[in-house]
Amino acid sequence: MKKLIIPFVFIGVLFSGAFFSGCYTDTVDALSTFDFQLPLIFHSTHFNKASPDTSVDFTNLNEYKEYRDNKERIQEAIVHQFNYWIDDIKLSGSIPMEVDHLGRKPPENDMQDSALYFHPERDNLEFEFIKFYLHFAKLKDGYMNEDTLDENLWEIDTTEKPYLLGAYYDVDVSDYYRQAHHIIEVSDEISAIISEAVKERPSFYIITEYSKTKDQDDDKRYFPYVGARYDMVIRFSVDL
């Protein structure tokens, strides 16, 4: 029996050595990078908003210290998830509203006797869909500073196509009204494409496309006020 023990002990040492070697390699790899998540929060506020229609919001990741401090060492940037809800929406009705939920007033030409109202029919309102796209930005002609935070110096890069981040269908306002649980996981295919670009192109637009409402007969339906919020979480892997 003793003669049989030696080979098994030797084999055990080989396997344990391979195991701990693998663990060591994994540990070194794990210690060579770290991950952090950057939530981007957008408040989208519109007076006299139409459906169907689109809205556009600009962001520049250079606004965020976490990104600025680590951007030279970013290995990967993945759009992790997307979330959307409606803060407030106004239809014609009986109770006037002079400011929005953040205390902001509409433009002077919108302050009419019947311009902004609450309405009980809000909870029965339903959009066929609401879609979100990411479209990369480029500096306008004559400008070279890629780190500028001045939104007025950027424009949509029409040589690039927009990327669909996600879509919500049968959007019942009563379900989305101040309810932050409608999380979309961005597809791996789109996330991989955006990952490569975000490392080099931190300026982009989020384009929101609103469909008609399900009871809508006219070509356009106007809402005196729409206030919505959406969050996008980007996960970065960074070299140490």
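Here are the numbers:
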read-out: Potential lengthening between residue 197 and residue 75 on full extension [0.36 nm per residue; Cα-Cα distance subtracted]; value: 42.8 nm
read-out: Computed E for residue 36/residue 58 - FRET, C-beta separation, R0 25 angstrom, nearest 0.05; value: 0.60
read-out: Formal net charge of residues neighbouring residue 143 (Cβ-Cβ distance under 13 Å; K, R +1; D, E -1); value: -4
read-out: Amide H contacts under 5 Å for residue 80, placed H, 5+ residues apart; value: 233, 234, 235
read-out: Accessible surface of region 142-182, 1.4 Å probe, proportion on carbon and sulfur as whole %; value: 45 percent
read-out: Label-point separation, residue 178 to residue 48 (7 Å along Cα→Cβ), nm; value: 2.8 nm
read-out: Net lengthening on full extension, residue 135/residue 216 (0.36 nm per residue, minus Cα-Cα); value: 26.3 nm
read-out: Contour minus Cα-Cα distance for residue 239 and residue 159 (0.36 nm per residue); value: 25.7 nm
read-out: Under Karplus coefficients 6.51, -1.76 and 1.60, residue-wise ³J(HN,Hα) of region 198-207 in Hz, glycine/proline x; value: 4, 4, 10, 10, x, 9, 7, 10, 9, 9
read-out: Estimated vicinal HN-Hα couplings, Hz - region 172-179 in sequence order (Karplus 6.51, -1.76, 1.60; Gly, Pro = x); value: 7, 4, 4, 7, 9, 6, 6, 10
read-out: Cleavage-rule hits (trypsin sites (Lys or Arg not before Pro)) in region 123-161: DSSP loop, at most 10 neighbouring Cβ within 10 angstrom; value: 140
read-out: Per residue solvent-accessible surface (Å²) - region 127-240, probe of 1.4 Å; value: 52 Å²
read-out: Summed residue charge, Cβ within 15 Å of residue 186's Cβ, Lys/Arg positive, Asp/Glu negative; value: -4
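The values are calculated or read from the model by the stated rules, or taken from the named source; none is laboratory data. As the structure is a prediction and not an experimental result, all values here were calculated from the model. Heads up, the Cβs are rebuilt from the backbone with ideal geometry, glycines too, and the neighbour counts pull from every protein chain shown. The area values use the complete protein model at the heavy-atom level, side chains included, leaving out ligands, DNA and RNA. Shrake-Rupley method; radii C 1.70, N 1.55, O 1.52, S 1.80 Å.
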